[in-house]
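The values are calculated or read from the model by the stated rules, or taken from the named source; none is laboratory data. Source: prediction; values computed, not measured. A quick note on method: Cβ atoms are made from the backbone with ideal geometry, for glycine too, and the neighbour counts reach across all protein chains shown. When the accessible area is computed, the model is the full protein with side chains, heavy atoms only, and any ligands, DNA or RNA have been set aside. Shrake-Rupley method; radii C 1.70, N 1.55, O 1.52, S 1.80 Å.
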Amino acid sequence: MVDVVEAERSSYARLPERLEAGTPNLAGAAGLARAIEYVEAIGLERILEHERALVAHARAELGAVPGVRLIGTAEPALGVVSFVLDGVHAHDVSTILDRSGIAVRAGHHCAQPVMQHFGVAATVRASFALYNTESDVTALVSAVREVREVMGA
Amino acid sequence: MSELEQLYQDAILDHHRAPRNARALADASHSAEGNNPLCGDRVRVTLRLEAAPDSAGGLESSIVAVGCEARGCALCRASGSIASELLLGRSRAASVALIDGFLAALAQLTAPGNSAADALDVLGALEPSAGMSAEVQRQLLPLLEVRHFPSRRRCSTLPWETFRDALHPRPEA
């Protein structure tokens, strides 16, 4: 940004360096470029298809678990499946799933008006990405089935 | 028992399924609301305190009726129910002491380096100031299992903090 800095005056670099203070996020820039190459090598369409298949599978299997109500079932579905489990608060579900090695998000997801629309206080949300597999869906569904046992419900 | 089983042990599930004093008092002298915006847990407590002569010839204010409505997860509901049972009949001073004792116990058990500390030992050390009999300590133990679940601690402390607010309202900031 600067050229020479003195107590009473400073001189500045030419544009664009003049507008860039400090050390740029060089590692971030290099990492971003590599990440874009990685994603493009796999192919965005292929990733989308992979996620859609997982979501469809998860919706079908979770929807068949007694007491599960899927929240938000519009199409097309992208990457996430939200649900509530009858008689068990979302946070209790997520703690129990966590102990089975499954990470989900529970709460209002910074979307309180949506929660109000569906008449729920909170939901459990599983999200799927290119690194998830069918066995992750199976593990999720199986763990959700066991939640009510843990809660004695 | 696994830590998960201890968190959701029978004592907790019982209070979750059938919370005691789960109502709003019609003639409350004290009330407070507590809220955890991160998860939607919400607690509303109502109390009726009445003064009666104490052993020293003065007047002591005691909780003669209590209501605790906790909306949210099982830990919050169970904690509110247990707190309401333990506070009913206590003097205001003894109630505040018990609340502070419980919160201090959890704080100690979750402090860095204390993961192996024994909960009963910690409660026992706090007992003289907190007025916790052995029976009270026994009833608090299940609530202290939340020490192994950092993201759930607030679920357990919210009802106690709300009771404290009702008994000693904080000045408006």
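What does the charge add up to near residue A:48, with Lys and Arg as +1, Asp and Glu as -1, over the other residues with Cβ less than 15 Å from its Cβ?
Counting the neighbours of residue A:48, the net charge comes to -3.
Put +1 on the Cβ of every Lys and Arg and -1 on every Asp and Glu Cβ in chain A; which of A:87, A:103, A:131 then has its Cα farthest towards the positive end of the dipole?
So the residue we want is A:87.
On a full-extension model of 0.36 nm per residue, what is the gain between residue A:32 and residue A:111, subtracting their alpha-carbon distance, rounded to one decimal in nm?
Stretched fully, the residue A:32-residue A:111 segment lengthens by 25.6 nm.
Report the FRET efficiency, 1/(1 + (r/R0)^6), for residue B:148 and residue A:11, where r is their Cβ-Cβ distance and R0 is 56 Å, rounded to 0.05.
Working from the Cβ atoms, E equals 0.40.
Compute the longest continuous run of chain A that contains no exposed trypsin sites (Lys or Arg not before Pro); treat a site as exposed when its DSSP state is not H, G, I, E or B and it has at most 13 other Cβ atoms within 10 Å.
By the stated rule (loop sites, at most 13 other Cβ atoms within 10 Å), A:15-153.
Testing the spin-label approximation: label points 7 Å from Cα along Cα→Cβ at residue A:138 and residue B:35. State their distance in nm.
My value for the distance between the label points is 4.5 nm.
Nearest 100 Å², what total accessible surface is buried between chain A and chain B (probe 1.4 Å)?
1300 Å²
How high is the relative contact order of chain A, given as a whole-number percent (alpha carbon pairs under 8 Å, six or more residues apart)?
20 percent
How large is the accessible surface per residue of the stretch A:7-148, computed with a 1.4 Å probe and reported in Å² as a whole number?
61 Å²
Does any residue of the stretch B:62-96 lose at least 30 Å² of accessible area with all protein chains in place compared with its chain alone, and if so which ones (probe 1.4 Å)?
Correct list: B:73.
Pick out, in residue order, every one of the GluC sites (Glu not before Pro) in the stretch B:119-173 that is DSSP loop and has at most 15 other C-beta atoms within 10 Å; say none if there are none.
Counting only loop positions with at most 15 other Cβ atoms within 10 Å, the GluC sites (Glu not before Pro) in the stretch B:119-173 are B:172.
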